[in-house]
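Read the figures in this text as sums done on the coordinates, not as results from a lab. For clarity, every value in this text was computed on a predicted model and none was experimentally measured. A quick note on method: Cβ atoms are made from the backbone with ideal geometry, for glycine too, and the neighbour counts reach across all protein chains shown.
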Amino acid sequence: MSLEIFALILFVAILVVLFLGYPVAFALGGVSIWVGSMVMGIKFFDLLPLRIYGNMQNIVLLAVPLFIFMGLMLEKSGIAERMLQTLTLLMGRLRGGLALAVIIVGILLAASTGIVGATVVTMGLLSLPTMLKRQYSKRLATGVIVSAGTLGQIIPPSIVLILLGSVMNVPVGDMFMGAVIPGLLLSLGYVVYVLVYARLHPQQAPAASKEELAAFRSGSMTKDILLSFLLPFLLILAVLGSIFAGIATPTEAAGIGALAASLMTAAQGKLSMKVLKEVMSETTFLTSMVFMILVGAAAFSLTFRALQGERLIIEAITQSELSPAAFFWLTMLGIFIAGFFIDFIEITFIFVPILTPLFQKFGFDLLWVGILIAMNLQSSFLTPPFGFSLFYLKGVAPKEVRTSDIYRGVVPFLLVQVVVLLLIYLFPGLVLWLPDVLNK
């Protein structure tokens, strides 16, 4: 058999092993070494340690554990709870005000933590019981929580953007800048949907009661607002501001953010040795998971290229005579469907390295493509039946909230994502304008 046939066997075998439920890192690494050693001999993998060491020397990837630490530490500070309570009452008599507050808090947490699971769980615990108590529609309440909680996938600093930048060889700082406008546009789409829904179904998105508003306004309203938003704003300014101004690299900014989040937690009186141990332990676990997958991906990439898998795919695409637009949307559809079944990290390390040379061959701007892929990967957290955000919320939701409520509630927000994806495709300047301006 030719090498290309073994490349196809390798790819299909990895997908089968993944769908059988084996851990991603070991599926990638184990199957790649098994197929590669059968075809080229075990000596071929003398090259593997060099590739792994090369990845470990990539200083950009050091930002991953630092941003994870920052997000987990901020979760312990209790700032999210204060922001949500203050925003809910600031919205006053506006119908759907609590749902809008959830979106705004989701934006702020995305820009200061980027940890999706922690954000969805936090907002689910804090806001879902209150929304249900105020007679909000279960579908609207669950849909807005999982969607706003997943904004951390696209709004920087995002782990997805760091990994995509590393895999696609695009500066992470440019990825962060390019994602700002699309992330805010997506958030605006969520806001518009909530406002329209509240207008059409006023009984399912009621306003806050007069008694709550009176109690809030009679207290120290100005102080509450300052305490709720000043610290998160300073954290966002320290991290993203230092990157966009060219003062710090993403890795250095991540270190600033980790320190700032620790100081904020201490200022809230929530920092203790127990909290520090919990944050460090979870940071180590999540970082180890990401980097083990990276090691498995290195084995896969080495074997797949040696088996001339990339050349096979390029020739197949070239001979099919697909137009650049047809190729682009075919790959976007493939990534979207893959998101139904496998995690964004797996998609990033398995599919994106294979597709990147093809995007270059068709003349696409890799920064623009990277943001579109990140937007698409965000849907993997929201897409039934296996979206992780849906599981996170179901785990903390009251018993009266059914899984079907969450699935149906997220569909309109997925449609908003599709609309924003189309806008970014039609108007690349939404991604490229800010990096062009700030890099001058």
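Comparing L422, L390, L263 in a Gaussian network model of the chain, where Cα atoms under 10 Å apart are tied by springs, the biggest mean-square fluctuation is seen for L422. Entry note, the chain: the mean residue ellipticity at 222 nm calculated from DSSP H runs of n ≥ 4, each adding -39500 (n - 2.57), is -25000 deg cm²/dmol after division by the residues and rounding to the nearest 500. In percent, rounded to a whole number, the relative contact order of the range 1-128 is 20, using alpha-carbon pairs under 8 Å and six or more apart. Would you indicate which of (1) 50.1, 169; (2) 22.5, 80; (3) 23.1, 72 is the value of Rg and Dmax of the Cα atoms in Å derived from the coordinates of this structure? Label of the calculated value: (2). Springs join every pair of Cα atoms under 10 Å in this Gaussian network model of the chain, and among M70, M273, M332 the largest mean-square fluctuation is at M273.
All other residues with a Cβ under 14 Å from the Cβ of F67 taken together, and with Lys, Arg as +1 and Asp, Glu as -1, what is their net charge?
Net local charge, F67 excluded: -3.
Taking the Cα centre of the chain as reference, the dipole from Cβ charges on Lys and Arg (+1) and Asp and Glu (-1) amounts to some 1300 debye. The lysine pair count for the chain, using Cα distances under 18 Å and pairs eight or more places apart or on different chains, is 8. Axis angle, to the nearest 10 degrees, between helix 3-19 and the longest C-alpha principal axis of the chain: 30 degrees.
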